[in-house]
Structures are given as structure tokens and as C-alpha cells.
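Peer 1: One structure follows; several queries about it will come next.
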Amino acid sequence: MKTAEHPDRARAFVADDARAHWHDESLWFVRTKRDKQAHSVPEWERLRELGSQIKRHAISRWPDYLEEFEKNATALGAKVHWAANAEEHNRIVLGILQEAGVEKVTKSKSMLTEEVHLNPHLIRNGIEVTDTDLGERIVQLREETPSHIVLPAIHLKREDVSETFNQHLGTEAGNADPAYLTEAARQHLREKFLGAEASITGVNFLVAETGGFVVCTNEGNADLGTSLPRLHIACTGIEKLVPRAADLAVYLRLLGRSATGQPITTYTSHFHGPRPGGELHIVLVDNGRSDLADDPQFRDILNCIRCGACINTCPVYRRSGGHSYAATVPGPVGSVLNPLHALTPMIAGEDAREGERGDAHGSLPFACSLCGSCTDVCPVKIPLHHQLLALRKTVGDRGLLPWGKRIQMKAASTLLNSPKLFGAVGKIARKALPVLPKMAVYNRLNAWGNGRDLPPAPPKSFKQMWRDELKAESAQPSSNGAGDAPR
Amino acid sequence: MNSPAAEPSVSATRTALFKKLRGRLLEAVELPDLNAEQWIRYDDPLAQFEEVLGAVGGTPVRVADLAAANAHLKQLPVWAEAKQTVSLVDGLGETTEGLSAVPDVHELAGVDVAVFDGLFGVAENGAVWLDFSHSDHRGLCVIAQHLVLAVPASEIEHTMHEAYARLADADGSHRQKFGRGGFGMFVSGPSKTADIEQSLVIGAHGARSLTCYLLDG
């Protein structure tokens, strides 16, 4: 299995220092807005606890709630479909569109349809699909993928957007005013909305109790998209369930504040059945999700409401960019989800599943400083950095570490298990390091030496210093009397 | 393309999924009772609503009654310049002739201002609940260039919990009201985006402005 490395993919991004800093600051700005909103709610910590508990409850009774949702949604006149994987999802969606004779579709933001690569599938089959979220439209025109789940074009500067729009929408060359560019996109996408024969949306929450679902946007694209053509297809992962409509209050209070530092998204739309004369299909997709509930260590990743707060706060994401993760979901949550998805069959003794781009994403749990900031901001209390640490072990156990790291780990394990050897190696290193040529220390065997310098070697080891200190103490009687611990 | 016989049927996927999910025993996690919780209460929910709505780009306007709202609306430049308007609130603005039947949202693409009744507002986030369960006007509220809402000033809930309690059936669930079908939305301020360099731009796909009349009378 291919194991592309996160540091390799981040290299180009990191090389442009000014841009990397700008990216870092843009995301930190969003994190700051999130803090302000979170602090405005006195019961914030309680909400996080409830957000976690309701989701864990829903997963503990997953089949019951799925069945309840299906029953209620069907009673409302929606058609519910089940897809085991990406291929089946895409076949179902294409089938619905072909049966209705649809040639033009608008789509609002849906990370699920990114995950299953729906767009290329529809385009291959002669259907024009237009992403209508501004950020998603920008990356679609550039033939890129979103670099963030909430802010798809966060890696781009206004000049990049200006160039793209100049090329595709005929905007003035060099005009990079965000208001001007947004207005151009509005006009361009209005035409797409009015000409569409079907609309596809994602889903933020499925409500078991009512059979309805909620979609949140700031732009209004999901609402404009679904209110024009008569056919609406909602695509969703099976983990988006909440038991009761009252639970929505908890999540809607958490989602907008955590995502972009807004008290709530502009539009929070509740769909219950098709609109009069319309047709509503709900495609429920597993694509590996059902496996994630097996291991209690990782189960809480299913709590995720895709707010992106962990991504915005992550020091590695902010400085390496979303594309370095080579996955639909980047950042801490992606660094758990992607390798977990690929490795879960291996844990059960089967072959690894081909992840996105055939990659096991084995390097992602290491794209982390274990600072724990992701865990602190997660609105549904996923222990992200603990999961990342645990996944490093899994990646190691499965033999997916690059050989340089593998050898170093083995060496470190031998060294740290033997105090005698540790002492001897330390002694040699203190003598040798200052005089060794740079090549001998910083080579491809030393993955950690890449971009980092060792501190200068101390003249004495800690043990030696301690011993010398004790000697000095006993030679000079303590003024505080007996029983005093060495300083 | 694929021969139909080679494709697994939809129900086979469903059966396999439920077999897998039912075949696994997970430890029970209690569903929390949200009624037992203490949520924030604002000293003046109306003032809080006005403040938050202003912060998210909307314009709250407190008026004595519908007549005062109507007089204010007529002074607004967006109304004065509008060629097409649709009002679903008696006494607040008018509907351009020929648009009252709302035959198809496509035909409303030229509407400049749309006027709606909001059932209630939410103090913590400046959202207004719009109920479209009995009509298909939901497209109008995003296709119109500008949005005008009328909400009774006395109908401001503190938090989203109270908002959902308001939308609930007598038994506290939402099975009956939501389960009857239809569409409803919380709208908080005008349509917006920050997808270009995190620069906030008002007027993405939906309304370019939102004026919310808070009626005292």
C-alpha cells in the first residue's frame, strides 16, 4: 500500500513562508471569533457534555434510530435509499437523475459527496453539476479540492480568486475586491439555480423522531437550490442522527459558534418531506462508518458534527494547509478518520481498505504535536489527541511507519529499556556530537532532524549532575537540619 | 453499462447494514433530559435580540404597530426603488399585481422585496422562525433581493431550547407538528459569505438585507 507522507505533501506550502503565515493567521482569526462566541454562553461546557452524550446515545442505539428515521421520513413522502459505499451512493444518485431525465444539477455544500467523488461520476455520465457554495464553486472552477470542510477556499488569496473569475466568469482582470467577486458569483450562480432540474444537498442533522433533516448555510444556497427544481436529493452519512428535534437546540447552539464564531448560521432549514408537487430522496451512506463504532477507543469520532473547530485551532493544519492531508476531511478529525477508515479492516485481521487515493494515511496521526487544542475546542468532546496518539501505535503495529522512523523507534526502544546502554550511549554522544560532521547526525535516518537542530550537548548527564549535587550537599552540613531533600 | 442483475439490490445493503449494527452490543448511554437543564436568561431578551441581529448584519426596527411599520417601510430606499414586491403580511407593504398567486418560484426571480411574518425571534442568536408548512413561499425568502420580517416584540425567546419548546407538541416531542411535513427555517440576518479571504460580504445568494420590525402593539 502506498504511504504518501504528510511532510512531503506539505513541503511546497511551507516553502512559501509569507503565504504560510497568512494562512496561519486567517485560521487563527476564525479560532478567535469562536472563542468570543463560546465565552458568551455560560453553559458552554454543559452544552459540549450534552452534545457528546446525545450523540453517544444515538450511536448506542444506532439501528433503532435509523429505522425510526426511515419510517418517519417515508411517511412524510420522502424516498429513503441505503448505500454501503461510494460506488453504490453514486450509482443511486445517478439513477435518480437519469430516471428524471435531468441534465443540470446544483449542489450545496456536502463533504459526503466530496468523500465519494460524486461530481466526477456525474460529469462522466453527462450531467452538469454546479457547486453553489462560493468557496466550493471557486475550487471547482480551479479543478481543485476543498482544503477545509467549512472554508473550502481558505488556501486561496483574493488575487487567485480574481484570476479564476476573470478566466471563467469574465470579471475584470486585476479586480480582487471580495464584494465585487462575490457579486459576480451571485449573478453567475443565479443563472445556474434557475436552470437546474434537480438539486443535491448535504445534511447537518437527521431527526429520528420526525423523519426530517436540517441543513445549515450562510449563503442561502441550499434553500435557493431546493426551492426551484422539483427534485431534491439529500446525501448524508448514517452518523448524522439525533433522536429528537429538541436535541437540535444543543447542536445549533454549538455548531455556528464553533465553526465560524457566529451565534447561528444565517439559514437553518428544516426539511420534512418533499415540497408540494416535489420529489425528495434521502441517500443514507455507510462507506465505512458502521465499522467505527466497534472500538470504544475511537467510537466517539462518530460524534463529529463537522464544524471544523479542531482544524482552525490545529497548529499543524494552520502551517501545512489542507491539501497536505490529501483527504476530504483534513486537520485533527481527518487525521483520525482517514487512517481509522483505512486501518479498521486490518484491526479485524482483514486486508486494509483502500482509503481515498489508495492511501492508508499512515502519516496523518503524526501530523500532530499532541498539544490537545483540538480536544479542548471540540463541541462534542471527541478526545482527538488521545485518538491520534492511539492511532500512532496502530500504524506502527501494522508496519506502516516509514523505514527511517521504524528503525529509530526500534533503536529508541532498545536504548530506553536498558539503563546501562542509555548511560553509555549518552556518554559517547556528549563527546561525539560536538565533533561529528553534520552529515552524520542529520541524514535520512534521522526523520526528526529534518528542519530541527539538536540543542548543544551538555557537558554532564542529569544523573552526573544529581550525583555531584548530592556529594556537595553531604560535604556541607545542611542549615535546615536533617531530613532535608536535596535541592 | 452495468447489467441490472449484477447490481446488489438496495434492500440487500439495508439488510446487511442492520444485521451488522444489530449484531453488535454497545454499552448503554442515557439520553439526557434537556428539561432538567438551566440555560441562560437575558435580563432584556428583546434588547439582546436587537443587539445580536444588528451584529449579524440585520436591521431591527422597533415600532408601535403595523401602521408605523408600514410607514417606516415606505421610507426605506430598497422599498422605494423596488419594481416588484411580494407581501404576505396584511397591512405591511403590498404585492405587485400578478405576483399574488405565486405560481412558480422561477417567476419570482425579479422580486426586489419580500415581506414575511415571523412567528418568534431568538434572543441569543437573532434568528427568526419562518413557518412555511402551509405554503410554498420558502423559495421567495431566498430569491428576493431584500427581506422584511414582522415579529411581535413580545415574542422573543431566550435560547434555542425555548424556541424548540415553542414548536413542540403538547407532549414535548415534535412528532405531530414537524411530522405533518412542510418546511420551516430559522433565519438570522441577511445572506452572507466570507469564502474569499475571510472578508465578510453581505448578499451571497439570498437576501442582500434583512429588516426586522418588532411590533409593540
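The values are calculated or read from the model by the stated rules, or taken from the named source; none is laboratory data. Predicted model, so just to flag it, every value in this text is computed and none were measured. Positions of Cβ are backbone-derived with ideal geometry, glycine not excepted, and every protein chain shown enters the neighbour counts. Side chains included, ligands, DNA and RNA excluded: accessible areas come from the protein's heavy atoms. Shrake-Rupley method; radii C 1.70, N 1.55, O 1.52, S 1.80 Å.
Peer 1: If you go through region B:181-210, how many residues are open to solvent by 10 Å² or more (accessible area, probe 1.4 Å), more than 7 Å from chain A (Cβ to nearest Cβ) and under 18 Å from the mean Cα position of the chain (by Cα)?
Peer 2: Selection size over region B:181-210: 3.
Peer 1: Right, here's the next one. How many residues, within region B:53-75, are surrounded by 14 or more Cβ atoms within 10 Å (Cβ to Cβ), away from chain A (no Cβ under 14 Å) and not in a strand (DSSP E or B)?
Peer 2: 6
Peer 1: In region A:270-279, which residues are over 31 Å from the mean Cα position of the chain (by Cα) and either buried (at least 24 other Cβ atoms within 10 Å of the Cβ) or more than 7 Å from chain B (Cβ to nearest Cβ) (or both)?
Peer 2: A:Pro274, A:Gly277, A:Gly278, A:Glu279, listed by residue number.
Peer 1: To continue, here is another question. Looking at region A:130-148 only, could you name the residues that are of a type in the set (A, V, I, L, M) and in contact with a helix residue (DSSP H, G or I) (Cβ under 7 Å, 6 or more places away or on another chain)?
Peer 2: A:Leu134, A:Ile138, A:Leu141
Peer 1: Another question about this same structure. Picking from A:Val161, A:Val207, A:Val214, which residue would you name as being within 11 Å of chain B (Cβ to nearest Cβ), in contact (Cβ under 8 Å) with a residue 60 or more places away in the chain and not acidic (Asp, Glu)?
Peer 2: A:Val207
Peer 1: Is region A:124-140 home to any residue that is modelled with pLDDT under 95 and not in a loop (DSSP other than H, G, I, E, B)?
Peer 2: Scanning region A:124-140, I find no residue that is modelled with pLDDT under 95 and not in a loop (DSSP other than H, G, I, E, B), so the answer is no.
Peer 1: A follow-up question, please. Working only within region A:229-269, note down all residues that are outside any helix (DSSP H, G or I), over 27 Å from A:Glu88 (Cα atoms) and facing chain B (nearest Cβ under 10 Å).
Peer 2: Listed by number, the residues that qualify are A:Arg244, A:Ala245, A:Ala246, A:Gln262, A:Pro263, A:Ile264, A:Thr265, A:Thr266, A:Tyr267, A:Thr268, A:Ser269.
Okay, residues lined up against (1) within 11 Å of another protein chain (Cβ to nearest Cβ); (2) of a type in the set (Val, Ile, Thr); (3) farther than 20 Å from B:Ala204 by Cβ:
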{"residue": "A:Glu136", "(1), (2), (3)": "yes, no, no"}
{"residue": "A:Gln140", "(1), (2), (3)": "no, no, no"}
{"residue": "A:Ile154", "(1), (2), (3)": "yes, yes, no"}
{"residue": "A:Leu194", "(1), (2), (3)": "yes, no, no"}
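Peer 1: Taking region A:109-123 only, how many residues are open to solvent by 10 Å² or more (accessible area, probe 1.4 Å) and away from chain B (no Cβ under 11 Å)?
Peer 2: Here the count works out to 9.
Peer 1: For A:Cys371, which of the numbered conditions (1) modelled with pLDDT of 95 or more; (2) more than 15 Å from A:Gly331 (Cβ to Cβ) fails to hold?
Peer 2: With (1) modelled with pLDDT of 95 or more; (2) more than 15 Å from A:Gly331 (Cβ to Cβ) applied to A:Cys371, the lone miss is (2).
Peer 1: Let me ask you something else. Please specify each residue of region A:1-47 satisfying the condition of being more than 28 Å from A:Ala342 (Cα to Cα), among the small types (Gly, Ala, Ser) and surrounded by 13 or more Cβ atoms within 10 Å (Cβ to Cβ).
Peer 2: Correct list: A:Ala20, A:Ser26, A:Ala38, A:Ser40.
Peer 1: Does A:Ala83 count as buried (at least 20 other Cβ atoms within 10 Å of the Cβ) and not polar (S, T, N, Q)?
Peer 2: Answer is yes for this residue.
Peer 1: Restricted to region A:426-449, and to residues that are in contact with a helix residue (DSSP H, G or I) (Cβ under 6 Å, 6 or more places away or on another chain) and either open to solvent by less than 70 Å² (accessible area, probe 1.4 Å) or among the hydroxyl-bearing types (Ser, Thr, Tyr) (or both), which residue is modelled with the lowest pLDDT?
Peer 2: A:Ala447
Peer 1: If you go through region B:80-109 one residue at a time, how many are open to solvent by 40 Å² or more (accessible area, probe 1.4 Å), over 20 Å from B:Ala153 (Cβ atoms) and assigned to a loop (DSSP other than H, G, I, E, B)?
Peer 2: Residues in region B:80-109 being open to solvent by 40 Å² or more (accessible area, probe 1.4 Å), over 20 Å from B:Ala153 (Cβ atoms) and assigned to a loop (DSSP other than H, G, I, E, B): 12 in total.
Peer 1: Among the residues of region B:111-163, write down those that are crowded, with 22+ Cβ neighbours inside 10 Å, over 26 Å from A:Pro229 (Cβ atoms) and without any contact (Cβ under 8 Å) to a residue 40 or more places away in the chain.
Peer 2: Matches in region B:111-163: B:Met160 only.
Peer 1: Do we have A:Asn72 as touching a residue at least 60 places away in the same chain (Cβ under 8 Å), surrounded by fewer than 19 Cβ atoms within 10 Å (Cβ to Cβ) and among the polar types (S, T, N, Q) here?
Peer 2: no
Peer 1: Out of everything in region A:280-318 that is over 24 Å from B:Thr13 (Cα atoms) and among the β-branched types (Val, Ile, Thr), what residue ends up being most open to solvent (accessible area, probe 1.4 Å)?
Peer 2: A:Val316
Peer 1: Being more than 30 Å from B:Glu51 (Cβ to Cβ) and either outside the structural domain of A:Lys157 (by TED's automatic domain parsing) or in contact (Cβ under 8 Å) with a residue 40 or more places away in the chain (or both): is that true of A:Arg9 here?
Peer 2: Yes; evaluated as a whole, the condition is true for this residue.
Peer 1: Further, regarding this structure: How many residues does region B:116-138 contain that are closer than 24 Å to A:Gln262 by Cβ and either part of a loop (DSSP other than H, G, I, E, B) or not charged (D, E, K, R) (or both)?
Peer 2: Of the residues in that region, 16 qualify.
Peer 1: I've got another one for you. Tell me, please, whether a residue that is within 45 Å of the chain's Cα centre (by Cα), at pLDDT 85 or above and small (Gly, Ala, Ser) can be found in region A:471-487.
Peer 2: Looking for residues that are within 45 Å of the chain's Cα centre (by Cα), at pLDDT 85 or above and small (Gly, Ala, Ser), one finds none in region A:471-487, hence no.
Peer 1: I'm checking my understanding of the structure. Among residues of region B:19-52 that are within 10 Å of chain A (Cβ to nearest Cβ) and part of a helix (DSSP H, G or I), which one is farthest from A:Asp295 (Cα to Cα)?
Peer 2: Among those residues, the one meeting the criterion is B:Val52.
Peer 1: Among the residues of region A:380-389, is there at least one that is of a type outside the set (Ser, Thr, Tyr), at pLDDT below 90 and either under 19 Å from A:Leu454 (Cβ atoms) or crowded, with 16+ Cβ neighbours inside 10 Å (or both)?
Peer 2: no
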